[in-house]
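**Q** One structure, as structure tokens, below. Some questions next.
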Amino acid sequence: MEYAELAAWLRLLETPGIGWETAQRLLQALGSPQAVFDLPGQAWHDLLSPKQALALSREPTHLPDLLARTWQWLQEDEARSLLILGDADYPPALLATADPPLLLYLEGQRELLARPALAVVGSRNPSAQGQDNAQAFAQALSEQGLTIVSGLALGVDGAAHRGGLAGRGSTIAVLGTGLDQIYPKRHQRLAAEIKAQGLLISEYSLGTPALAPNFPRRNRIIAGLGLGCLVVEAALQSGSLITARLASEAGREVFAIPGSIHSPQSRGCHALIRQGAKLVETAADVLDELPPLPGSAAPNPAAETTPLTPQTDGIPPAQAQVLALMGFEPVSLDQLMARGGWAAADLSAHLLELELLGEVARLAGQLFQRRARA
């Protein structure tokens, strides 16, 4: 993209009062942002309200600085680029949605946009099992060639990205900030790994901070890039359900992993299942509903069942007995004592050993939960 073209795009998109619908209408009528600003000002009144025409005639005061920073950002790294609606490599799946972004900032492996993808989303505060499920499902699906799309948030999103990076399909992170404003900050290292092996994208200009309204809006891109959407854990008011709804409205498959009836983080998934989402227990359940993937490997049965099929090989008998009585729902020390008849000191020692082995997670409120493993 040339400097003058970038200047026209930023001016169009940064002008107050010129939203997506208005910008799209101008582009459909005139072809490009440069053509919009080459038009005599009086002609704008045939396409815009008087207020919008006045706003468009005035260059935003912050535009020169934003233009300079964006141009420098693009020149500093060849992994950075812009994708505009109408580019030959604009993802067809995203183009087919009701509200495709007019311009996207990219950093990383741009070619991932041409590969089949799946959105994997869920709670920012998942259970230990939910975190494990997100990473295991994402890795198994990535190994089959799906690119994992998520939102770089804490919890399920981060686990999904890590799983995607571990497979050949890699991962795409859709940010609700500018690409120079990684949020949350604790995911800066993860974002760097995604830039190196995957792709970071955002429709927000450089310098855009973490603003609450932007995150639900970016969910349409997460949903739009995928062949479907897998919800791992979600409360009833979770933003993940917005992504699932957008995926459904775009004609994409929606999948949900069931959980404990006592867990608030499972209620959103159960609601989706009642509404027609497919209940999934393995990655194969997802793949069965999608078109055949180019060059997909033969499914690995062990990998497919990793998220929900625990094993106890190599665990001492006493600890294995504790696991057998725990089930997969959070339990207290008192509940386990009642189930197994252990003394508190002995049971605490067994639980500590299981924590060190990675078999049990300690939760808030002095609760414990079993973690599945391969």
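The values are calculated or read from the model by the stated rules, or taken from the named source; none is laboratory data. Quick caveat, the model's predicted, so the values are computed rather than measured. When we count neighbours, we look across all protein chains shown, and the Cβ atoms used for this are built from the backbone with ideal geometry, even at glycine. What goes into the accessible areas is simple: the full protein's heavy atoms, side chains included, and nothing from ligands, DNA or RNA. Shrake-Rupley method; radii C 1.70, N 1.55, O 1.52, S 1.80 Å.
**Q** Considering the stretch 209-223 alone, what residues qualify as being closer than 26 Å to residue 77 by Cβ, of a type outside the set (A, V, I, L, M, F, W, C) and open to solvent by less than 20 Å² (accessible area, probe 1.4 Å)?
**A** Across the stretch 209-223, the qualifying residue is only 218.
**Q** Here is a further query. For a quick check of your reading of the model, give me the residue pairs whose first member lies in the stretch 325-346 and is farther than 27 Å from residue 126 by Cβ and touching a residue at least 12 places away in the same chain (Cβ under 8 Å), whose second is open to solvent by 80 Å² or more (accessible area, probe 1.4 Å) and not hydrophobic (A, V, I, L, M, F, W, C), with beta-carbon atoms closer than 7 Å and at least 6 apart or on different chains.
**A** Sorted first by the residue in the stretch 325-346, then by its partner, the pairs are 340/321.
**Q** Moving to a separate point now. Looking for something in a loop (DSSP other than H, G, I, E, B), acidic (Asp, Glu), out of contact with any strand residue (DSSP E or B) (no Cβ under 7 Å at 6 or more places or on another chain) and in contact (Cβ under 8 Å) with a residue 60 or more places away in the chain - is there at least one such residue anywhere in the stretch 140-149?
**A** no
**Q** Conditions: (1) in contact with a Ser or Thr (Cβ under 9 Å, 6 or more places away or on another chain); (2) outside any loop (DSSP other than H, G, I, E, B); (3) open to solvent by 30 Å² or more (accessible area, probe 1.4 Å). Residue 168 meets all but one. Number of the miss?
**A** The failed condition is (2).
**Q** Shifting gears a bit: So which of 283, 345, 361 ends up being open to solvent by less than 40 Å² (accessible area, probe 1.4 Å), out of contact with any Asp or Glu (no Cβ under 6 Å at 6 or more places or on another chain), among the aliphatic types (A, V, I, L, M) and modelled with pLDDT of 85 or more?
**A** Details: 283 fails: out of contact with any Asp or Glu (no Cβ under 6 Å at 6 or more places or on another chain); 345 fails: open to solvent by less than 40 Å² (accessible area, probe 1.4 Å).
One residue alone meets the criteria, 361.
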